[in-house]
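Worksheet: one structure, shown below.
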Amino acid sequence: MMPQTLTTRVCSHCDGFPVAHITTGSRTPDGQRDTLAATCPACKGTGTRATPANLTHAGK
Ligand SMILES: [Zn+2]
């Protein structure tokens, strides 16, 4: 039996990598690659999500 407490799990949306740096393909004037930081919308950039342990038993 699983204890019915909140468990912190790795976000399944981003797989624990909440902030992805996307290369835009252009370069900044000083020669760096220009990147955009995209934060995972599911976990808000935390990489983990607190879910009730009994959530998996929730039926329809
Ligand atoms: Zn996420």
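Each value in this text was obtained by applying a stated rule to the coordinates, not by laboratory testing. Just so it is clear, the structure is predicted and the values come from calculations on it, not from any experiment. FYI the Cβ positions are ideal-geometry reconstructions off the backbone, even for glycines, and counts take in every protein chain you see.
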remark   = Between LYS44 and VAL19, the two model label points (7 Å from Cα along the beta-carbon direction) sit apart by a distance in nm of 1.6 nm
ask   = What order do you get for 27-35, 40-48 when each peptide is scored by the mean count of other beta carbon atoms within 10 Å, highest first?
value = 40-48, 27-35
query = Tell me, what HN-Hα J-couplings in whole Hz come from the Karplus equation 6.51 cos²θ - 1.76 cosθ + 1.60 at θ = phi - 60° for each residue of the stretch 21-35, using x for Gly and Pro?
reply = 9, 9, 7, 7, x, 9, 10, 6, x, 8, x, 6, 6, 7, 10
key: Three-way shape call for the stretch 6-57 based on the alpha-carbon gyration tensor, with the a/c threshold at 1.5   = prolate
task = Order the peptides 8-14, 19-25 from the highest to the lowest mean number of other Cβ atoms within 10 Å of their residues.
result = 8-14, 19-25
task = Please give the length that would be gained between VAL10 and GLN32 if that part of the chain were fully extended, namely 0.36 nm times their separation in residues minus their C-alpha to C-alpha distance (nm, one decimal).
result = 4.8 nm
